Amino acid sequence: MKKFFEDLNFKKFAVKDRKFSSFTGDFREIEKINGYIYPGFIDSHAHLISLGLTLMAPSLEGVKSIDGIISIAKNCDAFLLRGWDDELIGKYPQKSDLDSVKRPLIVIRKCGHVGVANDKFLKIAGIESEDGILMEGTLIKALKSLTYDRAYLKKAVEKAQSEFFKYGVTSVHSDDSSDLPYDLVNDLISDLKIDLYEHLHVHTFEEMKKFVALKPGSIKILVDGSLGAKTAFLRSKYDDSNGRGVLNFTPEEVNKIVKLADKNGIQVVAHAIGDGALDLLLEAFSSSNQDLRHRIVHVQMAWPKQIAKMKELKLCVDVQPQFFISDKKMAEERIGSRIDIAYPFKALMDAEIQIAFSSDAPVERPDPIEGIRAAKEMEINENTSLLAYTTWGAFQEFKEFEKGKIENGMIADFVVLSKPIEDKMSKVIATYKGGEKVWEATYV
């Protein structure tokens, strides 16, 4: 069965068997599209299940006081709430604050790298902490203690899929096996319509050795933390504290993980925000298999020599333009004059490094239009950003000949915008997956 489409730019194309077709016959059966058609967006780094779970509970985003957090917590039954920002509150919540909530509770900072738990939650998790503040590995351990009913998780997954479709995202590179078992994640996502390129999260080299038997296409390693939590690993100390951040792996362990991945044909997707963490990864990837398109996620700090080394090693990067806007004040406080080499996304493009754009949802909204507007603030034009949200994202998952373009034989994923993408008032009005409409705005 064929479908024919025409948009307000008089762009015409056919879809056959869920792919764009080169059909050139008489377009008598045309579905008129009241908007402007672009390839479906690809979010190259997000957390689909985490986004869904976040949508299932009240948000702490924008809350400006500890009392505000407690009020929200007492008026819901969620064990986990997410989105608080110490920049707005003026400090971290404390265990003693959360103990007034008479059920187990953990609240996660907006970056996802630090949380605060009350005494009831800590006892369930088997963690001792005087102030309840949990970071990096300890936070991961705490989150793994949470148990969810499968039906609840399935509802969360479907909510997340709908949220991505709402913003025109038809493919997601996701990392959800940090807090949930890998087989459960695969079960939950098995019948979704959205395309998922799922990374298997590896916490230790010993775990990596066990996971090789699963033959994953890619693995994720969390090398350091975030600037907001002061756990991103820097070359030298933070401007507003004496620490340099946290490394979740030793250099030797990262080297061994990369070598084992190379040996087994597995792509490594490595989280690195600080320039110190980037140094570690550049060393680990110095003799790696470039055909595997190893990727570094975030790269929120990079010196010119580091950028040159990334190009030499043919590394791919996945970055989040929205962070340039939302992190600006915080980042200047954390790293001072080093802000000049922070969020170097334009410099990475100028060096012709393979780059793709993403949201890190639920940290930011999974809204590529918002990301494109943020990239404009970094002097990256809309057409280049569109490539970073489509064609280049497909490259990161080895599918540049299958998706990311409106061309014959490509998967028929496309998004309809109300105005051309360069128009500041443009917004998503419909999303199509394989030629099938999967979301439509109610405001049309």
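Computed values, structure above
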| read-out | value |
| --- | --- |
| Among the candidates Gly68, Gly112, residue that is crowded, with 21+ Cβ neighbours inside 10 Å and either touching a residue at least 60 places away in the same chain (Cβ under 8 Å) or at negative phi (or both) | Gly112 |
| Members of the range 334-375 that are surrounded by fewer than 16 Cβ atoms within 10 Å (Cβ to Cβ) and acidic (Asp, Glu) | Asp340, Asp350, Glu352 |
| Residue within the range 383-403 that is touching a Lys or Arg at 6+ places or on another chain (Cβ under 8 Å), surrounded by fewer than 22 Cβ atoms within 10 Å (Cβ to Cβ) and more than 16 Å from Asp318 (Cα to Cα) present | no |
| Close pairs from the range 317-340: first under 16 Å from Arg244 (Cα atoms), partner part of a strand (DSSP E or B) and open to solvent by less than 50 Å² (accessible area, probe 1.4 Å), Cβ under 8 Å, at least 6 apart | Ala331/Ala342; Ile335/Met301; Ile335/Ala342; Arg338/Met301 |
| Residue in the range 6-18 that is within 19 Å of the chain's Cα centre (by Cα), crowded, with 22+ Cβ neighbours inside 10 Å and assigned to a strand (DSSP E or B) present | no |
| Which numbered condition Gly137 fails, given (1) surrounded by fewer than 16 Cβ atoms within 10 Å (Cβ to Cβ); (2) at pLDDT below 90; (3) not in a helix (DSSP H, G or I) | (3) |
| Subset of the range 424-444 that is farther than 16 Å from Gln161 by Cα and out of contact with any Phe, Trp or Tyr (no Cβ under 9 Å at 6 or more places or on another chain) - its residue that is most open to solvent (accessible area, probe 1.4 Å) | Lys424 |
| Subset of the range 173-211 [among the hydroxyl-bearing types (Ser, Thr, Tyr), in a loop (DSSP other than H, G, I, E, B) and in contact with a His (Cβ under 8 Å, 6 or more places away or on another chain)] | Ser177, Ser178 |
| Per-region count, the range 270-305, residues closer than 16 Å to Leu348 by Cα and crowded, with 20+ Cβ neighbours inside 10 Å | 14 |
| Every pair of residues 6+ apart whose Cβ atoms lie under 6 Å, when the first sits in the range 161-174 and is farther than 20 Å from Ala356 by Cβ and aliphatic (A, V, I, L, M) while the second is surrounded by 23 or more Cβ atoms within 10 Å (Cβ to Cβ) and modelled with pLDDT of 95 or more | none |
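The values are calculated or read from the model by the stated rules, or taken from the named source; none is laboratory data. Computed from a predicted structure; not experimentally measured. Glycine also receives a Cβ, built like all others from the backbone with ideal geometry; neighbour counts cover every protein chain displayed. All accessible areas refer to the heavy atoms of the entire protein, side chains included, with ligands and DNA or RNA removed. Shrake-Rupley method; radii C 1.70, N 1.55, O 1.52, S 1.80 Å.
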